[in-house]
Amino acid sequence: MAQIYISIGSNIKRSYHIQAAVSTLTQHFGPLTLSSVYESEAVGFAGSAFYNMVVAVNTTLSIADCVG
């Protein structure tokens, strides 16, 4: 079994999209380990600030199956 890390971020409907991503990942992988949510300014373009976090998952899936 491998532990993988997935970064999540959104600057549009931030709370909604972060929660939707966590919910979808939970349905797909089961229990998750979640970082805190951090707010960061947009870099390289003018836009709203982002919410960002990292999710750790234990899985037996291949990398190709995790990305697809």
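The values are calculated or read from the model by the stated rules, or taken from the named source; none is laboratory data. As the structure is a prediction and not an experimental result, all values here were calculated from the model. Don't worry about glycine lacking a Cβ; one is built from the backbone with ideal geometry, like all the others, and counts go over all protein chains shown. Ligands, DNA and RNA are stripped out before the accessible areas are found, and what is left, the full protein with its side chains, is counted by its heavy atoms. Shrake-Rupley method; radii C 1.70, N 1.55, O 1.52, S 1.80 Å.
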message = Based on alpha-carbon centroids, what's the gap between region 30-68 and region 1-27 in Å, whole number please?
response = 5
message = Less than 12 Å Cβ to Cβ from residue 49, Lys/Arg counted +1 and Asp/Glu -1: what total charge do the surrounding residues give?
response = -1
Protein accessible area in the chain, 1.4 Å probe - carbon and sulfur % = 56
message = Can you give me the angle between helix 14-29 and the longest principal axis of the chain, using Cα atoms only, in degrees from 0 to 90, rounded to the nearest 10?
response = 10
message = Using Stokes-Einstein with the Kirkwood hydrodynamic radius over Cα pairs, what translational diffusion coefficient do you get for the chain at 25 °C and a viscosity of 0.890 mPa s, in µm²/s rounded to a whole number?
response = 190
key: Hz values of 3J(HN,Hα) by residue in region 58-65 - Karplus curve (6.51, -1.76, 1.60), Gly and Pro given as x   = 9, 8, 9, 5, 6, 4, 4, 6
